[in-house]
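Just below is one structure, and these are the notes that go with it.
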2 protein chains.
Amino acid sequence: HHRDSVVFGGRGMSLEETINASNDYYRLHQRAVIYKKPTPIQIVKVDYPQRSQAVIREAYFRQASTTDYNGVYRGYYLDFEAKETTNKASFPLKNFHQHQVNHFRNCLAQDGICFTIMRFTTLERYFLTPASLLIEYWGKQATGRKSIPLTTIQKTGYEIPAGFQPALNYLDAVDQLITTAKR
Amino acid sequence: HHRDSVVFGGRGMSLEETINASNDYYRLHQRAVIYKKPTPIQIVKVDYPQRSQAVIREAYFRQASTTDYNGVYRGYYLDFEAKETTNKASFPLKNFHQHQVNHFRNCLAQDGICFTIMRFTTLERYFLTPASLLIEYWGKQATGRKSIPLTTIQKTGYEIPAGFQPALNYLDAVDQLITTAKR
Ligand SMILES: [Mg+2]
Ligand SMILES: [Mg+2]
């Protein structure tokens, strides 16, 4: 584990760890307040042993109804999902779920800033892409292609350069997304 | 349980059920996208029985670091905590926690719309109060009083009238909070 050392571009960390570490950094430096939402769990049985903390003894994973991350930045509501692929030329749509697409649609209707962070693990490249791109490809996948080409992601999204502190400085790309019309 | 019947002002429902039902209503009618955050759980042991879903066999409740609810409304980031009291003349500060106050401070610094929904159970009255009121009383509780007087809540907050659909129509009070300077 590299928890205590500086990790360049989150190398050796999972995408989730990289983003969580970046969010911790942003909160500490008062740049933004963004958290990963806890996994929804249905709790069935809890033991309350004397003199020690409660233990959950039976529980089940529930289907999430939203995306993984949300928060506030410069007065804007941010909402995003982070996914990775080992593909080199395109990002597979099967990495996403219907409920995430629906949630993006709902948040966009309320003028939220919605996006995905896509990691191409093999290439070690990260992109922030507007949720509208995912929605567009998602809607036509029945008759069209089942992945988003990297060339399209490069054109429509914003590459996030690997860094030290934070490990993934995605807020600059958010700034660009906010100022553009093609959300 | 009154789940399937119309419940006036959430009578017979817990405060959390009342707010969750209202949020479902708001989402359905595309008024706002607001969810209760799942309880954070630390999972230690999971069984994967053949041909059936995973069962969590050992897990622990973790301390939350934020408030219970957040979401997006008209481009604004909303963040709030809902609490109730049986008191009739004031709302006890002990119902809140340090991490909630810290989180409000952080979100206000990012221009989020932050508030509490307070239910006076005995009086059957609900108020939306700006987070700044809680922060003010919280900061002086060591030397000052340990509760916020109802008279102050009435003056600084917005009463939420009991309703049918949604059970607690708090967005009108949010509209007022947004337009006022005293956030
Ligand atoms: Mg995810
Ligand atoms: Mg609560």
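The values are calculated or read from the model by the stated rules, or taken from the named source; none is laboratory data. As the structure is a computational prediction, the values presented were derived from the model and not from experiment. FYI the Cβ positions are ideal-geometry reconstructions off the backbone, even for glycines, and counts take in every protein chain you see. These area figures cover heavy atoms from the full protein model, side chains too; ligands, DNA and RNA do not enter into them. Shrake-Rupley method; radii C 1.70, N 1.55, O 1.52, S 1.80 Å.
Annotations for the structure displayed:
- Test for B:E84: is it of a type in the set (D, E), within 16 Å of the chain's Cα centre (by Cα) and not in a loop (DSSP other than H, G, I, E, B): yes
- Among the residues of the stretch A:102-146, those that are surrounded by fewer than 23 Cβ atoms within 10 Å (Cβ to Cβ), more than 14 Å from chain B (Cβ to nearest Cβ) and part of a helix (DSSP H, G or I) comprise A:S132, A:L133, A:I135, A:E136, A:Y137, A:W138, A:G139.
- Number of the condition not met by A:I41 [criteria: (1) more than 13 Å from the chain's Cα centre (by Cα); (2) at the interface with chain B (Cβ under 10 Å from one of its Cβ atoms); (3) within 15 Å of ligand 1 (Cβ to nearest atom)]: (3)
- Condition met for B:T121 (in contact (Cβ under 8 Å) with a residue 24 or more places away in the chain, in contact with a strand residue (DSSP E or B) (Cβ under 6 Å, 6 or more places away or on another chain) and closer than 30 Å to A:Y26 by Cα): no
- Of all residues in the stretch B:87-100, those that are within 14 Å of chain A (Cβ to nearest Cβ) and either in a strand (DSSP E or B) or surrounded by 19 or more Cβ atoms within 10 Å (Cβ to Cβ) (or both) total 1.
- Within the stretch B:28-75, being surrounded by fewer than 12 Cβ atoms within 10 Å (Cβ to Cβ), without any contact (Cβ under 8 Å) to a residue 24 or more places away in the chain and either on the phi > 0 side of the Ramachandran plot or of a type in the set (S, T, N, Q) (or both) holds for B:Q30, B:Q42, B:Q50, B:R51, B:S52, B:Q53.
- For the residues A:Q176, A:Q165, the requirement of being surrounded by fewer than 13 Cβ atoms within 10 Å (Cβ to Cβ) and assigned to a helix (DSSP H, G or I) singles out A:Q176.
- Test: residue in the stretch A:138-154 that is among the hydrophobic types (A, V, I, L, M, F, W, C), at pLDDT 95 or above and within 23 Å of A:R27 (Cβ to Cβ): no
- Some residue of the stretch A:77-84 being open to solvent by 20 Å² or more (accessible area, probe 1.4 Å), among the hydrophobic types (A, V, I, L, M, F, W, C) and within 30 Å of A:L150 (Cβ to Cβ): no
- Taking the stretch A:63-81 as the range and being within 8 Å of chain B (Cβ to nearest Cβ) and in a loop (DSSP other than H, G, I, E, B) as the test, the residues that pass are A:S65, A:T66, A:R74, A:G75.
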